[in-house]
Amino acid sequence: MSSITILFGTETGNSESASKELESALHHAGYRAKVTELSAYPAATLPTTALLLIVTSTYGKGDTPANAEKMLRHLETHPELSALRYGVCALGDSTYQHFAQCGRDYDRVLAECGANRV
């Protein structure tokens, strides 16, 4: 069975906590999953990542968390990711105008790279 990579972007720790809960639930369901901070994951390994789940918050006025900026910039160079399957969980406060913007940005750019949303 392939491993599921869960990457999180957070300013306050909420996305990290949600990622760890997701990892635990996946383990209990019989899957192999590993949580890593977005800034710590080597972007060069994305083309060989079997399944990627991104859990990220948005803060301020639609801003990307600091630990999620580097990966987003890398993806905006549009590397070939047609073999990658991915999902995005975007956290935020729906009272803000740019609710869940970082997650929307990740979803958009991954699709532009040819990745397949699951």
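The values are calculated or read from the model by the stated rules, or taken from the named source; none is laboratory data. Just so it is clear, the structure is predicted and the values come from calculations on it, not from any experiment. Here the Cβ is made from the backbone with ideal geometry for all residues, glycine too, and neighbour counts use every protein chain on show. The protein model used for the area step is the full one, side chains on, heavy atoms only, and it has no ligands, DNA or RNA in it. Shrake-Rupley method; radii C 1.70, N 1.55, O 1.52, S 1.80 Å.
A cut-off of 5 Å between modelled amide H atoms, ignoring neighbours fewer than 5 places along the same chain, links VAL55 with LEU7, PHE8, GLY9, CYS89. Rolling a 1.4 Å probe across the protein heavy atoms gives the chain an accessible surface of 54 Å² per residue.
With the simple model of a label 7 Å out from the Cα in the direction of the Cβ, LYS70 to ARG117 spans 2.8 nm. Taking a point 7 Å from the Cα of THR48 along the Cα-to-Cβ direction, the residues of the range 84-118 with backbone N closer than 17 Å to it are 84-85.
Computed on the Cα atoms alone, the convex hull of the chain gives a volume of 94 cubic angstrom per residue.
Taking 0.36 nm per residue of separation and subtracting the Cα-Cα distance, full extension of the segment from HIS98 to HIS78 would add 4.8 nm.
Give me the percent of accessible area attributable to carbon and sulfur for the chain, probe 1.4 angstrom. The C+S portion of the solvent-accessible surface of the chain is 51 percent. Relative contact order for the chain: what is it in percent, counting Cα pairs under 8 Å that are at least 6 residues apart? Relative contact order here is 28 percent.
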